[in-house]
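Participant: There's a structure below that I have some questions on.
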Amino acid sequence: MWKLTEQKGEQEMRKVFVQTLDKLMNENEKVIALEADLGGASGFSKLGKSHPKQFINVGIAEANMIGIAAGLSMRGLTPFLHTFAPFAVRRACDQIFLEGAYAGNTLNIYGSDPGVCAATNGGTHTTFEDLAVMRAIPEVEIYDPADGVQLEWLIGEMIGRKGVHYIRTTRKQMPDIYQEGSVFEIGKANVLREGADVLLIAAGLGLKPALDAAEVLQEKGIDAAVVDMFTIAPLDADTIRSQMSGKKLVVTVENHNITNGLGGAIAEIMAEDASGIPLRRVGIKHEFGQVGSLDYLKKYYGLTDQNIVDTVIKSL
Amino acid sequence: MNENKLKELKRGSAAIRMETLRMMRKKGYGHLGGAMSIVELLSVLYNEVLRYDPQNPSWDGRDYVVLSKGHSGPALYAALALHGFFDTEWLGTLNDGGTRLPSHPDRLKTPGVDATTGSLGQGTSVAAGLGMALRIEEKDQKVYLIVGDGELNEGQCWEAFQFLAHHKLHEVIVIIDHNKRQLDGKLTEIMNPFDLNKKMESFGFHVISADGQKEESIYDALQQAGGVKDSAVCILLETEKAQGVPYYVDREDNHAPKFDEAANRELDALIEELRMQVEDGGK
Ligand SMILES: Cc1ncc(C[n+]2csc(CCOP(=O)(O)OP(=O)(O)O)c2C)c(N)n1
Ligand SMILES: [Mg+2]
């Protein structure tokens, strides 16, 4: 089971990734880490030092890396690969689709700095469409973890798990949400907070603002439930259905285009059920990315707790 | 090359280096290594070689520059500002929210930027397309394609080179910034390029080697390359990552360092030294 933490700390996600992999590589020599010349940026270079036989830097060749990982997995090895999210999902899309998913191979992809997390790398490096692309490929699992505890657990779950698994998360700090040692269930959303009026559904970078917004709404007499949808595919429709029943409003929060991401996925369920409940999607509204600090970009694209509060109040 | 012209070029290099370092110093970080290794090249291009009109950046008759190694954008911005495309004041806004100077070049944001780059490898094909358009239109303009040696890991580069060679597309002058390092370390340790000269030659290119730290050598190579009409052409520019910034030349972290206090002191001293060179008219 998972529990929310009282602590107000934070963890650097790439550190969690590298430390967790390091541990898994000690225990299991079939775990292989792959990089495409961003080992300095991801910290994966450290794995090359601690486990030279289990680390491969393919150079700046992302499509090649995906194919190589697929080949490794055909011999029963467990590849974890890192590159920036755009260079995985956009640049190597056909390789992920075909030699990964379609061919039934295993890829554990760490697509780092999705959405506004690209920050000063700017528009060329910004993915507001990675969920859309990956969601359209059958059998691909998509994860958007919200903190270091969840990420550590998730990486462990990938051992022995076959298929294409896309983990999108920043390299940088994320605020602590869960207690150390929390255990989750793949494909099962976490109801972090019950509430009678509004349902807030978020993941990853959107989760903390959603929790903060719920607090603010409480003070204003609006009772908001908050759900952590860290598994975006396969989507936990059951929890959505049970949570949305009786609510006056559903709001999704995502570091992604509001089309075909988390909000899009929820919209599909709500429309098919003819739920009749209004839905608002907080996220990027069909714009390209740009350079700026993370704070600037969150404000610019409307991903703050204030934006969520405003959306709820305007829509009720 | 006569002495005055060489002096002018060296002064141009000092100015580009100074402005680029200032931009990064202000931010506290930057893709320093690869920006520094094209400073002399940019000085020669913008002072002596390119046809352009800063008042009319989209002039139809201009030569094109495709900086495929887009992370070196700041050096290009310095060159563009110094050559009148926009106010040097802009340089201070690098990477700020709302800036017109993003870390990676954007043709829709910055006057004088001909191609949007940042995803390594992609600029090579765009340059090939531009060159093909010039061929179809029977123009004598050129496309100067600047590509990183680590960038050559990307298969797309070789797809573009194959196209250039097949079509003998000498309208595109491929310039490889051979600074021997990529992000994670030395090329020979990350992905061995073997003999780039032979590799390009066997791909069908006329290859010209030049010393990328010497303006006169770069100038001669560009002149020679401009005269090639019967095959694709490539300048293999021998450079050093972070050249001109002794503090960073041999450092492992010279690709994109964050500056600590020691680095700041070094950079401040160097910027001052460069400022004096620019004012004295080069050394
Ligand atoms: C497709 C793609 N993959 C990865 C990166 C991240 N990246 C930026 S610069 C760089 C290293 C480039 O090395 P090189 O081409 O030798 O450039 P230079 O040494 O001139 O800086 C990498 C891996 C990128 N921008 N694009
Ligand atoms: Mg290089």
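Participant: Looking only at residues that are of a type in the set (S, T, N, Q) and within 23 Å of residue B:23 (Cα to Cα) in the stretch B:36-58, which one is nearest to ligand 2 (Cβ to nearest atom)? Let's see the steps before the verdict.
Facilitator: So the first thing to find is which residues in the stretch B:36-58 are of a type in the set (S, T, N, Q), and the list is B:37, B:43, B:47, B:55-56, B:58.
Remaining after also requiring within 23 Å of residue B:23 (Cα to Cα): B:37, B:43, B:47.
Working: B:37: 7, B:43: 19, B:47: 24 Å.
Checked the stretch B:36-58; the qualifying residue nearest to ligand 2 (Cβ to nearest atom) is B:37.
Participant: Would you be able to say whether some residue in the stretch B:84-97 is within 29 Å of residue B:192 (Cβ to Cβ) and at pLDDT 95 or above? Explain how you work it out, then say what you get.
Facilitator: Start the filter on the stretch B:84-97 by keeping residues that are within 29 Å of residue B:192 (Cβ to Cβ), which leaves none.
No, the stretch B:84-97 contains no residue that is within 29 Å of residue B:192 (Cβ to Cβ) and at pLDDT 95 or above.
Participant: Still on this structure: Please go through the stretch B:87-98 and give me each residue that is touching a Ser or Thr at 6+ places or on another chain (Cβ under 9 Å) and either assigned to a helix (DSSP H, G or I) or more than 16 Å from residue B:31 (Cβ to Cβ) (or both), ordered by number. Explain how you work it out, then say what you get.
Facilitator: As a first pass, look at the stretch B:87-98 and keep what is touching a Ser or Thr at 6+ places or on another chain (Cβ under 9 Å): B:90-91, B:93-97.
Listed by number, the residues that qualify are B:90, B:91, B:93, B:96, B:97.
Participant: If I filter the stretch B:185-207 down to residues being within 14 Å of chain A (Cβ to nearest Cβ) and without any contact (Cβ under 8 Å) to a residue 40 or more places away in the chain, which single residue comes out as nearest to ligand 2 (Cβ to nearest atom)?
Facilitator: Once the filter is applied, the top-ranked residue is B:187.
Participant: Restricting to the stretch B:67-106, count the residues that are within 16 Å of the chain's Cα centre (by Cα) and of a type in the set (Lys, Arg).
Facilitator: Selection size over the stretch B:67-106: 1.
Participant: Out of the stretch B:141-185, which residues are of a type in the set (Phe, Trp, Tyr) and either within 18 Å of residue B:209 (Cα to Cα) or touching an Asp or Glu at 6+ places or on another chain (Cβ under 9 Å) (or both)?
Facilitator: The initial filter retains those residues of the stretch B:141-185 that are of a type in the set (Phe, Trp, Tyr), namely B:144, B:158, B:161, B:163.
Result: B:144, B:161.
Participant: What's the number of the only condition in (1) within 14 Å of chain B (Cβ to nearest Cβ); (2) over 22 Å from residue A:123 (Cβ atoms); (3) in a strand (DSSP E or B) that residue A:81 fails to meet?
Facilitator: (1)
Participant: Could you tell me whether any residue of the stretch A:285-298 is polar (S, T, N, Q), crowded, with 16+ Cβ neighbours inside 10 Å and within 14 Å of chain B (Cβ to nearest Cβ)? So that I can check it myself, show each step before the final result.
Facilitator: First, the residues of the stretch A:285-298 that are polar (S, T, N, Q): A:290, A:293.
Adding the requirement that they be crowded, with 16+ Cβ neighbours inside 10 Å leaves A:290.
After this cut, where a residue has to be within 14 Å of chain B (Cβ to nearest Cβ) as well, the list is A:290.
Yes: the stretch A:285-298 contains one or more residues that are polar (S, T, N, Q), crowded, with 16+ Cβ neighbours inside 10 Å and within 14 Å of chain B (Cβ to nearest Cβ).
Participant: Of the residues that sit in the stretch B:107-116 and are within 14 Å of another protein chain (Cβ to nearest Cβ) and more than 19 Å from residue A:84 (Cα to Cα), which one is surrounded by the fewest Cβ atoms within 10 Å (Cβ to Cβ)?
Facilitator: The initial filter retains those residues of the stretch B:107-116 that are within 14 Å of another protein chain (Cβ to nearest Cβ), namely B:107-110, B:113, B:115-116.
Checking the rest, the ones that are also more than 19 Å from residue A:84 (Cα to Cα) come to B:107-110, B:113, B:115.
Values: B:107: 16, B:108: 9, B:109: 16, B:110: 23, B:113: 26, B:115: 21.
Result: B:108.
Participant: Within the stretch B:211-222, is there a residue that is away from every other protein chain (no Cβ under 14 Å), within 16 Å of ligand 1 (Cβ to nearest atom) and either over 22 Å from the mean Cα position of the chain (by Cα) or part of a strand (DSSP E or B) (or both)?
Facilitator: Start the filter on the stretch B:211-222 by keeping residues that are away from every other protein chain (no Cβ under 14 Å), which leaves B:211-222.
Going one step further and asking which of them are within 16 Å of ligand 1 (Cβ to nearest atom), we end up with B:212-213, B:218.
Keeping just the survivors that are either over 22 Å from the mean Cα position of the chain (by Cα) or part of a strand (DSSP E or B) (or both) gives none.
Looking through the stretch B:211-222, none of the residues is away from every other protein chain (no Cβ under 14 Å), within 16 Å of ligand 1 (Cβ to nearest atom) and either over 22 Å from the mean Cα position of the chain (by Cα) or part of a strand (DSSP E or B) (or both).
Participant: Looking at (1) within 20 Å of residue A:161 (Cα to Cα); (2) within 14 Å of chain B (Cβ to nearest Cβ); (3) buried (at least 24 other Cβ atoms within 10 Å of the Cβ), can you tell me which one residue A:67 breaks?
Facilitator: Just one mismatch for residue A:67, condition (3).
Participant: For the stretch A:182-206, give me each residue that is hydrophobic (A, V, I, L, M, F, W, C) and under 20 Å from residue A:315 (Cβ atoms). Lay out the reasoning, then the answer.
Facilitator: Here is the first cut: in the stretch A:182-206, the ones hydrophobic (A, V, I, L, M, F, W, C) are A:183-184, A:186, A:189, A:191-192, A:196, A:198-203, A:205.
A:196, A:198, A:199, A:200, A:201, A:202 - these are the residues of the stretch A:182-206 that are hydrophobic (A, V, I, L, M, F, W, C) and under 20 Å from residue A:315 (Cβ atoms).
Participant: Still on this model: From the residues in the stretch B:147-179 that are near ligand 1 (Cβ under 9 Å from one of its atoms) and touching a strand residue (DSSP E or B) at 6+ places or on another chain (Cβ under 6 Å), which one is nearest to the other protein chains (Cβ to nearest Cβ)?
Facilitator: B:148
Participant: Separate question: Residue check, residue A:74 against (1) crowded, with 16+ Cβ neighbours inside 10 Å; (2) away from every other protein chain (no Cβ under 11 Å), all met but one. Which one?
Facilitator: (1)
Participant: While we're on this one: When you check residue A:34 against the structure, is it buried (at least 17 other Cβ atoms within 10 Å of the Cβ), part of a helix (DSSP H, G or I) and touching a strand residue (DSSP E or B) at 6+ places or on another chain (Cβ under 9 Å), yes or no? Lay out the reasoning, then the answer.
Facilitator: Working: buried (at least 17 other Cβ atoms within 10 Å of the Cβ): yes; part of a helix (DSSP H, G or I): no; touching a strand residue (DSSP E or B) at 6+ places or on another chain (Cβ under 9 Å): yes.
So residue A:34 does not fit the description; no.
Participant: Would you check which residues across the stretch B:54-103 are under 22 Å from residue A:119 (Cβ atoms) and within 14 Å of ligand 1 (Cβ to nearest atom) and list them?
Facilitator: Those that are under 22 Å from residue A:119 (Cβ atoms) and within 14 Å of ligand 1 (Cβ to nearest atom): B:67, B:69, B:70, B:71, B:72, B:73, B:74, B:75, B:76, B:102, B:103.
Participant: For residue B:277, state whether it is touching a helix residue (DSSP H, G or I) at 6+ places or on another chain (Cβ under 8 Å) and either at pLDDT below 95 or within 16 Å of ligand 1 (Cβ to nearest atom) (or both). Steps first, answer last, please.
Facilitator: Working: touching a helix residue (DSSP H, G or I) at 6+ places or on another chain (Cβ under 8 Å): yes; either at pLDDT below 95 or within 16 Å of ligand 1 (Cβ to nearest atom) (or both): no.
For residue B:277, the condition - touching a helix residue (DSSP H, G or I) at 6+ places or on another chain (Cβ under 8 Å) and either at pLDDT below 95 or within 16 Å of ligand 1 (Cβ to nearest atom) (or both) - is not met.
Participant: Please enumerate the residues belonging to the stretch B:208-231 that are among the hydroxyl-bearing types (Ser, Thr, Tyr) and free of Cβ contacts under 8 Å to residues at least 60 places away in the same chain.
Facilitator: As a first pass, look at the stretch B:208-231 and keep what is among the hydroxyl-bearing types (Ser, Thr, Tyr): B:209, B:217, B:219, B:231.
Across the stretch B:208-231, the qualifying residues are B:209, B:217.
Participant: Quick check on this structure: which one of B:121, B:185 is within 14 Å of ligand 1 (Cβ to nearest atom), at positive phi and touching a Cys at 6+ places or on another chain (Cβ under 8 Å)? Don't jump to the end; show me each part of the working.
Facilitator: Working: B:185 fails: touching a Cys at 6+ places or on another chain (Cβ under 8 Å).
Going through B:121, B:185 in turn, the sole match is B:121.
Participant: Go through the stretch A:58-78 and give me each residue that's more than 16 Å from residue A:109 (Cβ to Cβ) and either in contact (Cβ under 8 Å) with a residue 24 or more places away in the chain or not in a loop (DSSP other than H, G, I, E, B) (or both). So that I can check it myself, show each step before the final result.
Facilitator: Filtering the stretch A:58-78 down to residues more than 16 Å from residue A:109 (Cβ to Cβ) leaves A:59-60, A:74-76.
Once the filter is applied, which keeps residues that are more than 16 Å from residue A:109 (Cβ to Cβ) and either in contact (Cβ under 8 Å) with a residue 24 or more places away in the chain or not in a loop (DSSP other than H, G, I, E, B) (or both), the stretch A:58-78 yields A:60, A:74, A:76.
Participant: Please go through the stretch B:82-118 and give me each residue that is at positive phi and touching a residue at least 60 places away in the same chain (Cβ under 8 Å), ordered by number. Don't jump to the end; show me each part of the working.
Facilitator: Filtering the stretch B:82-118 for residues at positive phi gives B:84, B:95, B:98, B:112, B:118.
Listed by number, the residues that qualify are B:95, B:112.
Participant: Name the single residue, out of those in the stretch B:135-146 being away from ligand 1 (no atom under 14 Å from the Cβ) and among the β-branched types (Val, Ile, Thr), that is surrounded by the most Cβ atoms within 10 Å (Cβ to Cβ). Walk me through it before giving the result.
Facilitator: First, the residues of the stretch B:135-146 that are away from ligand 1 (no atom under 14 Å from the Cβ): B:135-144.
Filter again for among the β-branched types (Val, Ile, Thr), leaving B:136, B:143.
Numbers: B:136: 8, B:143: 25.
Across the stretch B:135-146, the extreme among qualifying residues is B:143.
The values are calculated or read from the model by the stated rules, or taken from the named source; none is laboratory data. The structure presented is a predicted model; accordingly, all values stated were derived computationally and were not measured. Glycine gets a Cβ as well: all are built from the backbone with ideal geometry, and neighbour counts include every protein chain shown.
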